[in-house]
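Encoded as structure tokens, the structure appears first; notes follow it.
The values are calculated or read from the model by the stated rules, or taken from the named source; none is laboratory data. Just so it is clear, the structure is predicted and the values come from calculations on it, not from any experiment. No Cβ is skipped: glycine too gets one built from the backbone with ideal geometry, and neighbour counts run over all protein chains shown.
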Amino acid sequence: MLALGKGCRGVPLYGACVIDPDSATPVYVQLADILRRGIQDGTYPPNRALPSIRTLQQTYGVADGTIQKALKILRDEGLVVSVRGRGTYVAPPSGRGGSAGGRA
């Protein structure tokens, strides 16, 4: 389970965030929020892979398509980049909108 701890949006369970399927917020948006928080707090550092699709499916109990939608949100925000055959990586600070002076 991904332990994201404080500032967790969703339902806390054993120190980690879980998806609330009964929420008015779509599941893919909740997942994007959880992953975004992990990027912002350093749980997922720049130039490192996010957990695999399979790991995210097992951790959050969501479908592949839901994960793909969440990752698209993060790609559109410039927070992650996808590498075919390798996975999805946290963008370097210089590749993110609004960041200044970072090196790749």
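With respect to being more than 22 Å from Ser23 (Cβ to Cβ), surrounded by 12 or more Cβ atoms within 10 Å (Cβ to Cβ), out of contact with any helix residue (DSSP H, G or I) (no Cβ under 9 Å at 6 or more places or on another chain) and modelled with pLDDT under 95, Ser99 falls outside the description.
Can you pull out every residue in the range 53-96 that is in contact with a Gly (Cβ under 8 Å, 6 or more places away or on another chain), closer than 28 Å to Asp20 by Cβ and at pLDDT below 95?
Keep residues of the range 53-96 that are in contact with a Gly (Cβ under 8 Å, 6 or more places away or on another chain), which gives 77-78, 81, 91-96.
Narrowing the set further to residues that are closer than 28 Å to Asp20 by Cβ leaves 77-78, 91, 96.
Hit for the range 53-96 is Arg96, nothing else.
Inspection of the range 29-39 identifies at least one residue that is over 21 Å from Ala63 (Cα atoms), out of contact with any Pro (no Cβ under 8 Å at 6 or more places or on another chain) and at pLDDT 95 or above. Just the residues that are part of a loop (DSSP other than H, G, I, E, B), under 16 Å from Leu71 (Cβ atoms) and at pLDDT 90 or above, please, taken from the range 1-28. Of everything in the range 1-28, those that are part of a loop (DSSP other than H, G, I, E, B), under 16 Å from Leu71 (Cβ atoms) and at pLDDT 90 or above turn out to be Ile19, Pro26. Here Gly87, Gly65, Gly61 are screened, and the one residue that is of a type in the set (Gly, Ala, Ser) and either under 12 Å from Leu35 (Cα atoms) or in contact with a strand residue (DSSP E or B) (Cβ under 7 Å, 6 or more places away or on another chain) (or both) is Gly87.
Whenever a residue of the range 75-93 is more than 12 Å from Tyr44 (Cβ to Cβ), its partners that are exposed (fewer than 15 other Cβ atoms within 10 Å of the Cβ) and polar (S, T, N, Q), lying with C-beta atoms within less than 6 angstrom and at least six residues away or across chains, give the pairs Pro92/Asn47; Pro93/Ser99.
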